[in-house]
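The values are calculated or read from the model by the stated rules, or taken from the named source; none is laboratory data. Owing to the predicted nature of the structure, the values given are computational and were not obtained by experimental measurement. Virtual Cβ from ideal backbone geometry, glycine too; neighbours counted across all protein chains shown.
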Amino acid sequence: MVEVLPRRSALEGALEAGTFGAGGTPGLTLSERRRLAIVHVAGDAGDPAFTDAVRGRTGLDLPIEANTTAAGNGRTILWLAPNRWLVVCDGEESAALETGLRDALGSTFAAVNDVSQGRTVIRVAGARAPDLLAKGCPLDLHARAFPTGACGQSSLAKINVLVHSVDRGADGGTDAPILDVYVARGFALSLWEFLTDGAGEFGYTISPMP
Amino acid sequence: MLLIPCPWCGERDEDEFTYGGEAHIARPASPDALTDAEWADYLFMRKNTKGLFQERWMHAHGCRRWFNMVRDTVTHEITAVYRMGGKPPERTDS
């Protein structure tokens, strides 16, 4: 009999909802995106059987261009490296996504791995969001260089991260810009402390855990 | 600080990369046939170039790909970046 352990956030006990830091209108909002299905996919971008299978299961075209994403139907595919992607789904069981992709790929030369438990996703939203990340990240986070839909792996406070530009507010989004930071679970608490410490001067709100 | 043009990700900060030493050192086809001196030369002996140097870099915090780069060891000027297995560009200086 296999005991299924309940999924626990790496930020449990550390993430405390409320408004903190400098007075006035908070410059940004921090929250954790929970219960995401995150699956790592590797395969040959030049093989139509591979790209068709992924499109068939996710409804999205694999982003072939470096540092771009494809989004729709509550799903996002992020480019990681040549022939490497991260498929992220909100509101879908990660096991279902993993086995679904694996079934769709069949005997195609590819690899599919569920990494949901190993990643923590922190959403940094609000006018000062790029300023906060820029404190420890060498990526050019200006909307011109990092527009809606861009993604990039880099370091943030010396921690390996994947930053996804979800919305830069070009179409008048209220919380924009919205940046999602993907970090290995073991570094999540350390990164969280860096972010909350750095956000103090802007004033920030932490959304309650969903 | 260098701004290094990763062949895939574009220009990124030097902090994101790790250095891999001299490029284009081919492993001998039949190591058994080599003398100790020839094997040691393959393993340890590297150029100490003053000027344009062909070297390997890896985008460790980014796409994690290795690539080759031609960098001037005096001025740090990066004159070429090309993928693994690629041929180094012809020298254009005099």
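Which of the strands (runs of 3 or more DSSP E) contained wholly in segment A:83-177 include at least 1 residues that are more than 14 Å from chain B (Cβ to nearest Cβ)?
A:84-90, A:110-114, A:119-125, A:159-167
Let's see how each residue does on (1) at pLDDT 90 or above; (2) assigned to a loop (DSSP other than H, G, I, E, B); (3) at negative phi; (4) among the acidic types (Asp, Glu):
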| residue | (1), (2), (3), (4) |
| --- | --- |
| A:Arg8 | no, yes, yes, no |
| A:Arg55 | yes, no, yes, no |
| A:Leu60 | yes, yes, yes, no |
| A:Ile77 | yes, no, yes, no |
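One line per residue, one yes/no per condition, for (1) of a type in the set (Asp, Glu); (2) in contact (Cβ under 8 Å) with a residue 60 or more places away in the chain; (3) touching a helix residue (DSSP H, G or I) at 6+ places or on another chain (Cβ under 7 Å):
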position: B:Glu16; (1), (2), (3): yes, no, no
position: B:Pro31; (1), (2), (3): no, no, yes
position: B:Phe44; (1), (2), (3): no, no, no
position: B:Glu55; (1), (2), (3): yes, no, no
position: B:Arg64; (1), (2), (3): no, no, no
position: B:Glu77; (1), (2), (3): yes, no, no
position: B:Pro88; (1), (2), (3): no, yes, no
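Looking at (1) in contact with a helix residue (DSSP H, G or I) (Cβ under 8 Å, 6 or more places away or on another chain); (2) within 19 Å of A:Leu60 (Cα to Cα); (3) not hydroxyl-bearing (Ser, Thr, Tyr), which is the only condition A:Arg84 fails?
Of everything listed in (1) in contact with a helix residue (DSSP H, G or I) (Cβ under 8 Å, 6 or more places away or on another chain); (2) within 19 Å of A:Leu60 (Cα to Cα); (3) not hydroxyl-bearing (Ser, Thr, Tyr), A:Arg84 misses just condition (1).
Look through segment A:109-149, keep the residues that are modelled with pLDDT under 95 and among the hydroxyl-bearing types (Ser, Thr, Tyr), and return whichever of them is surrounded by the fewest Cβ atoms within 10 Å (Cβ to Cβ).
A:Thr148
Find all pairs meeting these conditions: Cβ atoms under 7 angstrom apart; at least six residues apart or on different chains; first residue within segment A:38-63 and crowded, with 19+ Cβ neighbours inside 10 Å; second residue part of a strand (DSSP E or B) and among the charged types (D, E, K, R).
So the pair list comes out as A:Ile38/A:Arg119; A:Val39/A:Asp114; A:Thr58/A:Arg75.
Can you spot a residue in segment A:174-190 that is of a type in the set (D, E, K, R) and over 21 Å from A:Ile64 (Cα atoms)? Steps first, please.
Of segment A:174-190, the ones of a type in the set (D, E, K, R) are A:175, A:180, A:185.
From what's left, over 21 Å from A:Ile64 (Cα atoms): A:175, A:185.
Within segment A:174-190 (the criterion being of a type in the set (D, E, K, R) and over 21 Å from A:Ile64 (Cα atoms)), the answer is yes, since at least one residue qualifies.
If we only count strands (runs of 3 or more DSSP E) wholly inside chain B, which ones have 1 or more residues that are among the basic types (Lys, Arg)? Spell out the reasoning first.
Working: elements: B:3-6, B:10-13, B:18-22, B:52-58, B:66-72, B:78-83.
Answer list for chain B: B:10-13, B:52-58, B:66-72, B:78-83.
Kindly indicate whether any position in segment A:41-49 is modelled with pLDDT of 95 or more, touching a helix residue (DSSP H, G or I) at 6+ places or on another chain (Cβ under 6 Å) and closer than 24 Å to A:Leu133 by Cβ.
No: segment A:41-49 contains no residue that is modelled with pLDDT of 95 or more, touching a helix residue (DSSP H, G or I) at 6+ places or on another chain (Cβ under 6 Å) and closer than 24 Å to A:Leu133 by Cβ.
When you scan segment A:198-210, do you find a residue that is surrounded by 23 or more Cβ atoms within 10 Å (Cβ to Cβ), at pLDDT 95 or above and within 24 Å of A:Ile64 (Cβ to Cβ), even just one?
no
Considering only segment B:12-32, how many residues are more than 14 Å from chain A (Cβ to nearest Cβ) and under 13 Å from the mean Cα position of the chain (by Cα)?
8
Within segment B:81-92, is even one residue more than 24 Å from A:Leu139 (Cα to Cα) and among the basic types (Lys, Arg)?
Within segment B:81-92, one or more residues are more than 24 Å from A:Leu139 (Cα to Cα) and among the basic types (Lys, Arg).
So which of A:Ala10, A:Ala95, A:Ala17, A:Ala49 ends up being more than 30 Å from B:Phe67 (Cα to Cα) and touching a Ser or Thr at 6+ places or on another chain (Cβ under 6 Å)?
Working: A:Ala95 fails: touching a Ser or Thr at 6+ places or on another chain (Cβ under 6 Å); A:Ala17 fails: touching a Ser or Thr at 6+ places or on another chain (Cβ under 6 Å); A:Ala49 fails: more than 30 Å from B:Phe67 (Cα to Cα).
Exactly one of A:Ala10, A:Ala95, A:Ala17, A:Ala49 is more than 30 Å from B:Phe67 (Cα to Cα) and touching a Ser or Thr at 6+ places or on another chain (Cβ under 6 Å), namely A:Ala10.
Got a number for residues in segment B:1-56 being out of contact with any strand residue (DSSP E or B) (no Cβ under 7 Å at 6 or more places or on another chain), basic (Lys, Arg) and surrounded by 12 or more Cβ atoms within 10 Å (Cβ to Cβ)?
Residues that pass the stated criteria total 0.
I'd like to verify a number: residues in segment A:64-82 that are away from chain B (no Cβ under 14 Å) and surrounded by fewer than 17 Cβ atoms within 10 Å (Cβ to Cβ), how many?
4
Is it the case, given these coordinates, that A:Thr29 is outside the structural domain of A:Leu105 (by TED's automatic domain parsing) and not in a loop (DSSP other than H, G, I, E, B)? Steps first, answer last, please.
On the way: outside the structural domain of A:Leu105 (by TED's automatic domain parsing): yes; not in a loop (DSSP other than H, G, I, E, B): yes.
Answer is yes for this residue.
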